[in-house]
1. Identify, from the list A:LEU26, A:LEU46, the residue that is surrounded by 11 or more Cβ atoms within 10 Å (Cβ to Cβ) and either under 18 Å from the mean Cα position of the chain (by Cα) or in a helix (DSSP H, G or I) (or both).
2. Take the residues in segment A:79-90 that are modelled with pLDDT of 85 or more and exposed (fewer than 13 other Cβ atoms within 10 Å of the Cβ), then tell me which one is nearest to the other protein chains (Cβ to nearest Cβ).
3. Assuming A:ARG34 fulfils every condition listed in (1) surrounded by 10 or more Cβ atoms within 10 Å (Cβ to Cβ); (2) over 27 Å from B:ARG42 (Cβ atoms); (3) at pLDDT 90 or above apart from one, which condition is it?
4. Could you tell me whether segment A:38-46 includes any residue that is within 7 Å of chain B (Cβ to nearest Cβ) and closer than 22 Å to A:LEU25 by Cβ?
5. Among the residues of segment A:82-117, what is the count of those that are part of a helix (DSSP H, G or I) and under 26 Å from A:VAL42 (Cα atoms)?
6. For A:GLU58, indicate whether it is touching a Pro at 6+ places or on another chain (Cβ under 9 Å) and within 11 Å of chain B (Cβ to nearest Cβ).
7. Any residue that is assigned to a helix (DSSP H, G or I), among the small types (Gly, Ala, Ser) and more than 9 Å from chain B (Cβ to nearest Cβ) - is there at least one of those in segment A:118-128?
8. Return the residue satisfying two criteria in turn: it lies in segment A:57-78 and is loosely packed, with under 13 Cβ neighbours inside 10 Å and closer than 22 Å to B:HIS76 by Cβ, and of such residues it is nearest to the chain's Cα centre (by Cα).
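The values are calculated or read from the model by the stated rules, or taken from the named source; none is laboratory data. Fair warning: this is a prediction, and the values are worked out from it, not measured in the lab. Every residue, glycine as well, gets a Cβ built from its backbone with ideal geometry; the counts of neighbours run over all protein chains shown.
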Amino acid sequence: MTAVQDPSLPHLTLREENEQLSDFLLAGQRFLMRHPQASRDVISGLLEEGRRFAQTPEGKAWMDALTHSELVKRSLMIWEAYGLDLLLETRPAVTPSTWLEMIVAAMANPDLESILSMLIVEEMRSGNVASA
Amino acid sequence: MATSRLHELLPAFGERNQVLVLLLGLMSLTSRWMGLLESQARSARLESPLSQTAEQADPDLGLMYFLLGTISFSHHYQELIRGIQPPPATQESAPAGSDVWGDLRGLLR
């Protein structure tokens, strides 16, 4: 069944919608709590990448446009609720795009298999990885 | 890019190469994310034609850098994926009647 929505009419927001939103936000919060280090590394990496991108003309244009977006302004509530501004103090040397370039370079390396084998053997020797 | 069409291609890759599925999934995610941000940027420009000066804007730098980081990463990722050429062996082992690499190249163009 398809409902025709008239934006001029008042509308009722059902409770279930808020519950879905609550569930989503709670899931995000739990993810951050369960994986604090991984979340911190990913977010601070993206922050650093954004900081560098903001120095470019393209980055400045994006920043200018998104600053005036209502949706972005509202998303600030989520950002602040999770306390993610604290990660601004972290300045990782490697950004996600740098990681990506390194992964692609590794995939193109003809010695990839032997390098991976050597790494696994070394990790097993050092006790970081259990042997099968 | 037609991300729904991209999703249709995923099962064709599925059991053959999980790395490719991961790459395509990330491609789909970055495309959707960029689509959302581009539409936000467009509508913000239309709604605030006079508010283009820094004095009028008070962006939260943390959130803004994070968003810019996702944009930069998405651009970078999509460029890299578009640059990937299919190995001959993969084309030969594709299921009969399908040309997933060709379809993928068409989508990424």
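1. After applying the criteria, what remains is A:LEU46.
2. A:GLY83
3. (1)
4. Looking through segment A:38-46, at least one residue is within 7 Å of chain B (Cβ to nearest Cβ) and closer than 22 Å to A:LEU25 by Cβ.
5. The number of residues fulfilling the criteria is 22.
6. For A:GLU58, the condition - touching a Pro at 6+ places or on another chain (Cβ under 9 Å) and within 11 Å of chain B (Cβ to nearest Cβ) - is not met.
7. Restricting attention to segment A:118-128, the residues satisfying the condition of being assigned to a helix (DSSP H, G or I) are A:118-126.
Adding the requirement that they be among the small types (Gly, Ala, Ser) leaves A:126.
Going one step further and asking which of them are more than 9 Å from chain B (Cβ to nearest Cβ), we end up with A:126.
Yes, that holds for at least one residue.
8. For segment A:57-78, the residue satisfying everything is A:ALA61.
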